[in-house]
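Report on one structure; see the data block that follows.
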Amino acid sequence: MRLIDLFKTKKPVISFEIFPPKLDMPLDSIYDKLEDFKKLKPDFISVTYGAGGSAKDRTIEIASKIKKDYKIESMAHFTCVGHSKEEIDSLIDSLENEGLENVLALRGDPPRDQPDFDFSKNVYQYASQLIEHIKKRSNLCIAAAAYAEGHVDSPRIKDDLINLKNKVDTGVDFLVTQLFFDNRIFYDFLDRAISLGITCPVTPGIMPVFRADQIKRIASLCGASIPAQLVIIMDKYGGNPDDMLKAGIEYACMQIQDLIDNGVDGIHLLTMNRAKSTRKILENLNLLQK
Ligand code: FAD
């Protein structure tokens, strides 16, 4: 199913994001987890691409298995950074040959060993160019990334929004946001996006705080700010993993409930491959689908 058709008929669309196991781990390790995720009946599962530069080839394989064997709609993430034109075309063909219908098309970050990577030498400098190409070459439903707090490379949030509008206009069906912890920032972003003429569905990315140190690291990489309320929670419980997990789940539930009350198109849960904690969140929110 093309996910845009789902967004037209269901609100909120509940989706999970998982990442492929690193290359030194057997691929099968993800399939045990998928058994548990399947029981939670998400509307779709997306599979990240790259995991720090490795495991790229596993994304399509896992996304395909989610669809064919687990009978859950899936979406493969795809970054074009460092790929040749031939590699990009071959990946697009593989997605279609595997019967996949959805892709999250991204530019990607500089490779870890090349922090000064020059994107002007990349086949596509921006995701919008990749999206234009995918649109011409395939019938895939195309999602793209949005940044409620602005992308870290953008000197001005306003410029990032204008770039987002141009990206959507090249053929984006729906947007998935970078994680954020303060809903007010998301609502403000939505208002400004709508006033610029962005009308496609926008599903917010929510990452529950399972571990304080991990969240601090991820937030610093992607530029997400941590509100005072969450800083206090992490300072209080960060030293005790069980208490932190409980408090993190509580915070995520509060955030998600507020988003749902405010009529969001979807909730995209960044599960960190943790099915048990994901279940707890859905149970607390009465979101477990029958
Ligand atoms: P773009 O949309 O190209 O934007 C990148 C920067 O360029 C922005 O600052 C933008 O404002 C600017 N820009 C865009 N167009 C123009 C223009 N015409 N002129 C000037 N400036 C312009 N990374 C992975 O490696 N694997 C993943 O699986 C993955 N999944 C992600 C999922 C989500 C939901 C999100 C939000 C991010 C994900 N990322 C992933 C991270 C992503 O690859 C990085 O954030 C990357 O730096 C930007 O990718 P993009 O597609 O948003 O880029």
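So, in segment 169-180, exactly how many residues are near the ligand (Cβ under 10 Å from one of its atoms) and not in a loop (DSSP other than H, G, I, E, B)?
Result for segment 169-180: 3.
Among the residues of segment 130-139, write down those that are free of Cβ contacts under 8 Å to residues at least 40 places away in the same chain and away from the ligand (no atom under 13 Å from the Cβ).
Once the filter is applied, which keeps residues that are free of Cβ contacts under 8 Å to residues at least 40 places away in the same chain and away from the ligand (no atom under 13 Å from the Cβ), segment 130-139 yields 135, 136.
Among the listed residues 185, 157, 215, 142, identify the single one that is more than 8 Å from the ligand (Cβ to nearest atom), within 29 Å of residue 100 (Cβ to Cβ) and among the β-branched types (Val, Ile, Thr).
142
Checking residue 134 against (1) more than 14 Å from residue 77 (Cα to Cα); (2) surrounded by 16 or more Cβ atoms within 10 Å (Cβ to Cβ), which single condition isn't satisfied?
Only one criterion in (1) more than 14 Å from residue 77 (Cα to Cα); (2) surrounded by 16 or more Cβ atoms within 10 Å (Cβ to Cβ) is unmet by residue 134, namely (1).
Looking at this structure, is residue 233 among the β-branched types (Val, Ile, Thr), crowded, with 16+ Cβ neighbours inside 10 Å and in a helix (DSSP H, G or I)?
It is true that residue 233 is among the β-branched types (Val, Ile, Thr), crowded, with 16+ Cβ neighbours inside 10 Å and in a helix (DSSP H, G or I).
For residue 246, state whether it is under 19 Å from residue 272 (Cα atoms) and free of Cβ contacts under 8 Å to residues at least 12 places away in the same chain.
It is true that residue 246 is under 19 Å from residue 272 (Cα atoms) and free of Cβ contacts under 8 Å to residues at least 12 places away in the same chain.
Looking only at segment 161-184, count how many residues are surrounded by 17 or more Cβ atoms within 10 Å (Cβ to Cβ) and under 20 Å from residue 226 (Cβ atoms).
Qualifying residue count, segment 161-184: 7.
What number of residues in segment 77-129 are in contact with a helix residue (DSSP H, G or I) (Cβ under 7 Å, 6 or more places away or on another chain) and within 10 Å of the ligand (Cβ to nearest atom)?
Final tally of qualifying residues: 10.
Just checking, which of 71, 67 is on the phi > 0 side of the Ramachandran plot, more than 13 Å from the ligand (Cβ to nearest atom) and either free of Cβ contacts under 8 Å to residues at least 40 places away in the same chain or touching a Leu at 6+ places or on another chain (Cβ under 6 Å) (or both)?
Result: 71 is the single residue among 71, 67 that is on the phi > 0 side of the Ramachandran plot, more than 13 Å from the ligand (Cβ to nearest atom) and either free of Cβ contacts under 8 Å to residues at least 40 places away in the same chain or touching a Leu at 6+ places or on another chain (Cβ under 6 Å) (or both).
With the requirement that a residue be in contact with a helix residue (DSSP H, G or I) (Cβ under 9 Å, 6 or more places away or on another chain) and not in a strand (DSSP E or B), what does segment 195-209 give you?
If the condition is that a residue be in contact with a helix residue (DSSP H, G or I) (Cβ under 9 Å, 6 or more places away or on another chain) and not in a strand (DSSP E or B), then 196, 197, 198, 199, 200, 201, 204, 207, 208, 209 are the ones that fit.
Is it the case that residue 47 is within 18 Å of the chain's Cα centre (by Cα) and within 9 Å of the ligand (Cβ to nearest atom)?
Yes; evaluated as a whole, the condition is true for this residue.
Starting from segment 142-156, take each residue that is within 21 Å of residue 78 (Cα to Cα) and modelled with pLDDT of 95 or more and list its partners that are near the ligand (Cβ under 8 Å from one of its atoms) and basic (Lys, Arg), counting only C-beta distances under 9 angstrom and pairs at least six apart or across chains.
Matching pairs, first to second residue: 144/167; 145/107; 145/167; 146/167.
Being within 8 Å of the ligand (Cβ to nearest atom) and either within 22 Å of residue 1 (Cα to Cα) or assigned to a loop (DSSP other than H, G, I, E, B) (or both) is the filter here, so list the residues in segment 145-154 that pass it.
Result: 145, 147, 150, 151, 152, 153, 154.
Among the numbered criteria (1) surrounded by fewer than 22 Cβ atoms within 10 Å (Cβ to Cβ); (2) farther than 16 Å from residue 107 by Cβ; (3) among the polar types (S, T, N, Q), which single criterion is violated by residue 203?
Answer for residue 203: the failing condition is (1).
Please specify each residue of segment 13-42 satisfying the condition of being within 17 Å of the chain's Cα centre (by Cα) and within 16 Å of the ligand (Cβ to nearest atom).
Of everything in segment 13-42, those that are within 17 Å of the chain's Cα centre (by Cα) and within 16 Å of the ligand (Cβ to nearest atom) turn out to be 13, 14, 15, 16, 17, 18, 19, 20, 21, 42.
The values are calculated or read from the model by the stated rules, or taken from the named source; none is laboratory data. Here the structure is a predicted model, which means the values were calculated and not measured. Neighbour counts run over all protein chains shown; Cβ positions are idealised from the backbone, glycine included.
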